[in-house]
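Working notes, structure below.
Please treat every number below as a calculation from the coordinates, not as lab data. Predicted model only: the values in this text are computed from it and were never measured. As a convention, Cβ positions derive from the backbone with ideal geometry for all residues, glycine included, and neighbour counts pool all protein chains shown.
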Amino acid sequence: MNAPRFNAYGVAAIYRFEMARFMRTIWQSLVTPVITTSLYFVVFGSAIGSRMSDVNGVPYAAFIVPGLIMMTVFTESIFNGSFGIYFPKFVGTIYELLSAPVSYVEVVLAYVGAAATKSVALGLVILATASLFVPIHILHVGWMIGFLVLISVTFSLFGFILGIWANSFEQLNIVPMLIMTPLTFLGGAFYSIDMLPPAWRTLTLFNPVVYLISGFRWSFFGTADVAVGLSFGMTLGFLAVCLAVVAVVFKTGYRLKN
């Protein structure tokens, strides 16, 4: 028996549909993070940063740039990944998707690929905006792009799982607002965890966001709160867990077929 062929047309159709929805609101999608980034630089970079010493040899205004990018990438990846699959469930068109000649691998590839594309674009927009306020020199450009893409894909996949799990828009916003936002603020986005007392630093190491932000910041400045290899491994580990969960969801039809 011949193995089923990869349905590139189906993947492209779903991907284009998701990107078309993004393009219809592109100004809102791009202007909002630009304004938010500018406000953070006004408050943290100018008002507070001018009174702070360098962090690990990096000016504070430049030090917060990777944290700002990651904060937006986390949020947007989860939102785009979850809304893309939740909306068909909400309007009832999910059954058309399930009956279409596309495998679950192709469905995930299309939805997660579109969500990750949006997140990477927003991350680059924020980086360009930040460069207007402070000189930015990226030591490891390849690693920076690699971390940005990998984290965008991972959290888009995580958002995809949330979109399947959620039964309401309220549930859809629980994790991004009540869990991810606090973890990001407590994960070293605006400070180095080395600045914390030993007990708090040990507790912070249980926050997975610390490893993601630390690895991404290393690609900019060559300094990190934890080893870059550990950061990369934690990101791959989270991605592997998400892939395993998605496989179980589609195998069992959890909250898709009922």
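Given a cut-off of under 8 Å on Cα pairs at least six residues apart, what relative contact order in percent is computed for the stretch 146-258? Working shown, then result.
Details: 75 pairs, mean separation 36.5, N = 113.
Answer for the stretch 146-258 is 32 percent.
Under Stokes-Einstein, with the Kirkwood radius over Cα pairs as Rh, the value for the stretch 114-191 at 10 °C and 1.306 mPa s is 110 µm²/s.
Remind me, relative contact order of the chain in percent, using alpha carbon pairs under 8 angstrom and six or more residues apart? Walk me through the numbers before you get to the answer.
Values: 289 pairs, mean separation 66.1, N = 258.
Computed value for the chain: 26 percent relative contact order.
Which value in deg cm²/dmol, rounded to the nearest 500, describes the helix-derived mean residue ellipticity at 222 nm for the chain, given -39,500 (n - 2.57) per DSSP H run of n ≥ 4 and division by the residue count? The partial results should precede the final answer.
Working: 12 runs with 179 residues, N = 258.
Computed mean residue ellipticity for the chain: -22500 deg cm²/dmol.
Sparsely packed loop sites in the stretch 162-258 (the trypsin sites (Lys or Arg not before Pro) outside DSSP H, G, I, E and B with at most 14 other Cβ atoms within 10 Å) comprise Arg255, Lys257.
Of the chymotrypsin sites (Phe, Trp or Tyr not before Pro) in the stretch 186-240, the ones in a loop by DSSP (not H, G, I, E or B) with at most 14 other beta carbons within 10 Å are Phe206.
For the chain, the longest principal axis of the Cα atoms and the long axis of helix 26-40 meet at an angle of about 20 degrees.
With both labels modelled 7 Å from their Cα along Cα-to-Cβ, the Tyr104 to Ala247 distance reads 1.0 nm. If you fit an axis through the alpha-carbon atoms of helix 104-131 and take the longest principal axis of the Cα set of the chain, what angle between them do you get, 0 to 90°, nearest 10? Result, in degrees: 20. Looking at the chain, I'd like the Rg to Rh ratio, where Rg is from alpha-carbon atoms and Rh is Kirkwood's inverse mean 1/r. That ratio equals 1.00. Between Tyr254 and Leu178, what is the FRET efficiency for a Förster distance of 25 Å, r being their Cβ-Cβ separation, to the nearest 0.05? About 0.65, to the nearest 0.05. Counting 0.36 nm for each residue step from Val149 to Trp27 and taking away their Cα separation leaves a gain of 41.7 nm.
Neighbour counting of Cβ atoms within 10 Å sorts the residues Met52, Met144, Met71, fewest neighbours leading, into Met52, Met144, Met71.
Run the quick spin-label model on Met19 and Ile136: label points 7 Å from Cα toward the beta carbon, then report their separation in nm to one decimal. Rounded to a tenth, the inter-label distance reads 2.3 nm.
Just check the stretch 178-249 against the gyration tensor rule for me: Cα atoms, a ≥ b ≥ c as the square roots of the eigenvalues, rounded for a/c under 1.5, and otherwise prolate or oblate depending on whether a/b exceeds b/c.
prolate
If you fit an axis through the alpha-carbon atoms of helix 141-165 and take the longest principal axis of the Cα set of the chain, what angle between them do you get, 0 to 90°, nearest 10? For helix 141-165, the angle is close to 50 degrees. Computed from the Cβ-Cβ distance with R0 of 25 Å, the FRET efficiency linking Ala8 to Val91 stands at 0.45.
Between the amide H of Val55 and those of Tyr60, distances stay under 5 Å, these residues lying 5 or more places away or on another chain, with hydrogens modeled in the peptide plane.
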